[in-house]
Each structure stands twice: as structure tokens, then as C-alpha cells.
Amino acid sequence: MSSKLHVLIPDGNSTWALTVLNCLTHNSDYDFFVLSNKKRTATKFSKHTSYYKYYKRASDNDWLDIISKEVVDHNISIIIPIAEDEIRFFINNSDRFPSSVKVIPLPEINSFETAINKHRLSGFLKQQNLPHPKYRYFDSLESFSNEEFALQFPVLIKPFHEKGGDGIVKFENQKKLDAYLNKHSDLNELFIQEYIEGYDIDCSVLCLNGEILTNTIQKGNLKGHNLFAPQLGFEFLKNDLVLDVVKQLMQALNWSGVAHIDLRYDTKTDDYKIIEINARFWGSVEGSQFAGINFPNLAIQLAMNNVIENTQYNEVEYLRLKGVLKSIKRKPSFLFKKNYLLNNSETKSFLNDPIPTCYRFIEWLGRRF
């Protein structure tokens, strides 16, 4: 029997599963078992996946039975849920699994639901007197029409169930906002937030009972496919003011587990405002690993009762694979920066295990054409 730790990823179909898997492969003591509600995903085709099983997701009770059986059949030691839906499931059900298996640290359900809901989070930040953009929530277009609109333009409309900046729309004045709403009369609720003049900066954390055990801070330097999409390139840096704000936030939430906090520097007030919490793993988690903090591995170590030292990270630049392609498109000679590509980007991960990314590309082509 293998002496390796058997790690179960229960949502191998999630957007961030492959990046988490890539981080975990830096620890040779793991074997990876992946479940998915899709027959084919990028993680299925990874050379690091020892076992992949498709299940059509049914009720929570059925899913509980399926995972419990997999835990017993494959001697699973640790479970690492990746995305929010699966994290919610394990917050609510982790005490119902066999005692032989552990789950990475997770927040309490009330803190989790507050973190992932823009309206609830904004109300919580206001209550805790933590810096955040001014906002208004309307439960219908009718209530929007009947209530006084006290925000200053420009403003953003943010959807409740999109990811990666999709669906966010910026309006410079009331006339443009009204014209948009007249065309989208099917909206059931509205979350409108003042636009902050400044720049984005993010903080990733691993916490236990409100205490940040380790973190990275990054500032984007290469934009994604739209103004609000995740950055494709960024630099890791130290910023005590950002870290102080995030420490207060995590303590107020009594947070356990990982989180990725989006903030924005406000040029008018010279402070950092909390924009959003991603209560899950995130797309640039490999960048954090490159900088010196392997969040998925540390989460597992914490769950296995190993001591997490106050690890430090390096101030370095990093490019996502899409950032590499964008940089080459802008300047073809960038292709010949071999050392940079291998040491400061996802290129090495791709070359080490290319089939999953190729599968993602083929899947993208299928959706587009």
C-alpha cells in the first residue's frame, strides 16, 4: 500500500481545481483522487490525477453517501473542496463523514454566507466600521424608482451570481443608468456601488479562528479581458496598510480557511477599501505558490495538525498563462525571454503537464464556435 497521503478533490469540475492541483503537486507525499459532476474536465487529463470519477450530482444526502464511500474505498486522509458551492456543502456536513478523514479548515456558515453575498458583506463592513465603497441595494426596480438615489457617479452595477468580473457595468451619470435599467426591466434586484478612483490590490490569506497565519499581497500590472476581469500579470509586494485592513476583516468574521480579498486604493481618501471576498481558492493561487506561499498545501498541513510557521513571501512578478500569450501578441520578441517565462509564469506548469490546458483550449473553442 502507498505511504502517500490520499487527497480528495470533490469538485474537480470547478474553475480553480487545476490550479490547486498544480500547487499540490509540489509536495511529492500526495496522491490525488478527483470527483466531478462532469464526465470530462481538465483535472481528468492531468498526469497527476491518480483516480477520477464522474458522478451526477444529486441531493446533499446522496452526495454525502458517495463521498463517504469514496473515502473508505480509497483510504482518503484529507478532503480539499475548491469552490464556494462545495465549500458550503462541507461546512454544513463535515461532521457527518467518517472520522478517519479530515477536511481543510473552513469558516463558520454565517461568516461564509456574509462573505460571498455583496449586499450582506457591505452591510457587515458598515457595521464593523471597515473601509468600503458606498452602496445601495434595491430588492426590485420598483423600489429603485421609488427611493432616493444618493450615490455619486460614476457607479457600478454588480450581478450577484457572476464571477471573474463578468456582468459588471459602469455608469458615468444618471441618464446612462436609467437607460440601462429601462432595457433590463427583468432585473429582480440591484446592487449598485460607487466606483472608486484608484487601483486594485488583492490579499490572499490562510486563517484559523480569525488569525491570519500566512498571506500574500499582489497588485495587477496586466489587465484581463475587460476592466473588471482578474489581472493576467501582477507583482507580489508588502503593504502593511492593506494587511492591517484585512487582519481586521478576518478577525471580525472569525475566519478559518483560505480567502482572497479584493481591495481598491482610493485616491480621494488615501486608504484601501474592501471590495469583495472570494471565499474559496482563486485563479492566481499558483502565483502565490511561486512567491513562496503554497496555500493549498498549507491548508492541508493545518488540517493534519501540523504547525504552520509564519512563512514569508518574495516580492516578485508573475504572469498567468493567458498573460504570457497576451504579452507575446503585444511584443513577439517576448517569446525569447526564456528565463522569465520559465521562472516567472505558469509556463513551467504548462510544459510539465500540458494536456489539461490543451483540453481547456479545445473546450473553449467548442463554446465559441
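The values are calculated or read from the model by the stated rules, or taken from the named source; none is laboratory data. Treat the numbers as computed from the prediction; the structure is a model and nothing was measured. For neighbour counting, all protein chains shown are included, and Cβ atoms are generated from backbone atoms with ideal geometry for every residue, glycine included. For the accessible areas, the whole protein counts, side chains as well, though only heavy atoms, and no ligand, DNA or RNA atoms are used. Shrake-Rupley method; radii C 1.70, N 1.55, O 1.52, S 1.80 Å.
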Next on the checklist: Can you match Kirkwood radius over Cα pairs in Å to one of these, [x] 21.9; [y] 21.2; [z] 20.6, based on a calculation from the structure here?
Outcome noted: [x]
Checklist entry - Can you give the relative contact order of the stretch 43-104 as a percent, counting alpha carbon pairs under 8 Å and 6+ residues apart? => result 34
Item to check | Proximal aspartates and glutamates relative to Lys338, as straight alpha-carbon distance under 17 Å, when same-chain residues fewer than 8 apart are discounted | outcome: Glu317, Glu346
Checklist entry - Within the stretch 26-51, what residues put their amide N at less than 12 Å from the label point 7 Å along the Cα-to-Cβ vector of Glu363? => result 36-46
Next on the checklist: Please list Tyr137, Tyr195 from largest to smallest accessible area, probe radius 1.4 Å, with all protein chains kept in place.
Outcome noted: Tyr137, Tyr195
Checklist outcome for this item: Among Asn93, Ile80, Leu130, the residue whose Cα sits farthest towards the positive end of the charge dipole of the chain (+1 at Cβ of Lys and Arg, -1 at Cβ of Asp and Glu, taken about the Cα centre) is Ile80
Checklist entry - For the stretch 222-232, what does the Karplus curve 6.51 cos²θ - 1.76 cosθ + 1.60, with θ = phi - 60°, yield as ³J(HN,Hα) per residue in whole Hz, taken in order and with x for Gly and Pro? => result 8, 5, x, 6, 8, 4, 10, 6, x, 5, 8
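Dipole size in debye (nearest 20) for the stretch 277-342 around its Cα centre, Lys and Arg Cβ +1, Asp and Glu Cβ -1? Present the calculation step by step, with values, prior to reporting the outcome.
On the way: 9 positive and 4 negative charges, 138 e Å.
Dipole size: approximately 660 debye.
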Checklist entry - What shape does the stretch 212-325 have by the C-alpha gyration tensor, where a ≥ b ≥ c are the square roots of the eigenvalues, rounded means a/c under 1.5, and otherwise prolate means a/b greater than b/c and oblate the rest? => result oblate
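Got the relative contact order for the stretch 15-119 handy, in percent, Cα pairs under 8 Å and 6 or more residues apart? Show your work: numbers first, answer last.
Values: 87 pairs, mean separation 21.7, N = 105.
Reported relative contact order: 21 percent.
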Checklist entry - Per the helix-only calculation at 222 nm, which mean residue ellipticity applies to the chain, given -39500 (n - 2.57) for every DSSP H run of n ≥ 4 and division by its residues, nearest 500 deg cm²/dmol? => result -10500 deg cm²/dmol
Checklist outcome for this item: XL table Lys118/Lys175; Lys102/Lys134; Lys223/Lys247; Cα-Cα > 32 Å flagged, in table order, is Lys102/Lys134
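Under DSSP H, which helices of the chain have Cα atoms covering 24 Å or more of the helix axis and a Kyte-Doolittle average no less than 0.5? Walk me through the numbers before you get to the answer.
Values: long enough: none.
Long hydrophobic helices here: none detected.
Using a 1.4 angstrom probe, figure out how much accessible area the chain has per residue, in square angstrom, rounded to the nearest whole. Provide the component values of the computation, followed by the final result.
Details: 18640 Å² over 369 residues.
On a per-residue basis, the chain sits at 51 Å².
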Checklist outcome for this item: Across Asn278, Asn61, Asn117, the residue with the highest GNM fluctuation in the chain (Cα network, 10 Å cutoff) is Asn61
Item to check | Nonlocal amide H pairs with Gly257, under 5 Å, H built at 1.01 Å | outcome: Cys207, Leu208, Asn209
Item to check | ³J(HN,Hα), Karplus 6.51/-1.76/1.60, whole Hz, each residue of the stretch 149-155, x for Gly, Pro | outcome: 9, 9, 7, 9, 7, x, 10
Item to check | Rounded to the nearest 20 debye, dipole of the stretch 1-128 from Cβ charges on Lys, Arg, Asp, Glu | outcome: 460
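Using Cα-Cα distances under 8 Å and only pairs 6 or more residues apart, what relative contact order does the chain have, in percent? Mind dumping the intermediate values first?
On the way: 668 pairs, mean separation 64.2, N = 369.
Dividing the mean separation by the residue count of the chain yields 17 percent.
What is the magnitude of the charge dipole of the chain about its Cα centre, with +1 placed on the Cβ of each Lys and Arg, -1 on the Cβ of each Asp and Glu, and no other charges, expressed in debye to the nearest 20? Spell out each step's value before the answer.
Numbers: 44 positive and 44 negative charges, 338 e Å.
Roughly 1620 debye, rounded to the nearest 20.
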Checklist entry - Among Asn297, Asn226, Asn314, whose mean-square fluctuation peaks in a Gaussian network model of the chain (Cα, cutoff 10 Å)? => result Asn226
Checklist outcome for this item: Placing +1 on each Lys and Arg Cβ and -1 on each Asp and Glu Cβ in the stretch 292-369, then taking the dipole about the Cα centre, the residue among Asn352, Asn297, Ile362 whose Cα reaches farthest towards the positive end is Ile362
